[in-house]
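Accompanying notes for the structure given below.
The values are calculated or read from the model by the stated rules, or taken from the named source; none is laboratory data. If you're wondering where the values come from, they're calculated on a predicted model, not measured in any experiment. Here the Cβ positions follow ideal geometry from the backbone for every residue, glycine too, while neighbour counts run over all protein chains shown. Ligands, DNA and RNA are excluded from the accessible area calculation, which covers all protein heavy atoms including side chains. Shrake-Rupley method; radii C 1.70, N 1.55, O 1.52, S 1.80 Å.
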Amino acid sequence: MGTVLGAMRNVRWHELQHAYGSASQVPVVLSRIAWGDAPNSDEALSDLERWIGTPPVFDSTAATVPFLWELARTDTVRNRAGVLDLLARVLATGNADHPAWTRAAHDAVAAGRETAARLADPPALPAATPPAPAVRTAAARLVAAIDRHACPACPAPSPRGA
């Protein structure tokens, strides 16, 4: 896998919080999602959902999202559809007490829209293996959620072509 998740070491996880306290274990959980066997990977994804994907979002949520996009792009990750569903949950979640965290998390999800669109409707490349149907379906749902996203913390998008 090479450099997948390599930039995690640049995040000061111990200074961030998730739903149950310090986010210092987030890198371990992301690694288990990336390289774990099916039960380990699924358990890690479930843990991460409880930590960053349940209301409210935390400061660690926005820091975690770019790594979720990295996992979604990596075809050896076992539950890419689950990763995409977690991104959709983050987009649907907020924190009324910390609108800046909400906006940062939502912006981080929206920044990966092009990745989701490619997963939903991959170009036909001779050597490429297309994503599994579950991945394509989850990616299409996420694209639709990004396109219709509106919440008090996020500014209204400007009309396309304006």
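Points worth noting:
- Net length available on complete extension from D75 to D37 is 12.2 nm, with 0.36 nm assigned per residue and the Cα-Cα distance removed.
- Assigned charges on the beta-carbon of Lys, Arg, Asp, Glu; the range 15-93 dipole about Cα centre (debye): 120
- Only Lys, Arg (+1) and Asp, Glu (-1) charged, at Cβ; the chain dipole about Cα centre in debye: 320
- Computed over protein heavy atoms with a 1.4 Å probe, the accessible surface of the chain works out to 52 Å² per residue.
- Modelled this way, with points 7 Å down the Cα-to-C-beta line, the labels at R113 and E15 are 3.1 nm from one another.
- Computed over neighbours whose Cβ is under 11 Å from that of V143, the net charge equals +2, Lys and Arg +1, Asp and Glu -1.
- Across the range 5-22, coupling constants 3J(HN,Hα) worked out from phi with the 6.51/-1.76/1.60 Karplus curve, θ = phi - 60°, read 6, x, 6, 4, 5, 8, 9, 8, 4, 5, 8, 9, 10, 10, 4, 10, x, 4 Hz, and Gly and Pro carry x.
- Relative contact order of the chain, taken over Cα pairs closer than 8 Å and 6 or more residues apart, is 19 percent.
- Centre separation in Å (Cα based) which lies between the range 1-56 and the range 71-116: 13
- Stokes-Einstein diffusion for the range 1-133, with the hydrodynamic radius set to the Kirkwood value over Cα pairs and evaluated at 37 °C in a medium of 0.692 mPa s, equals 219 µm²/s.
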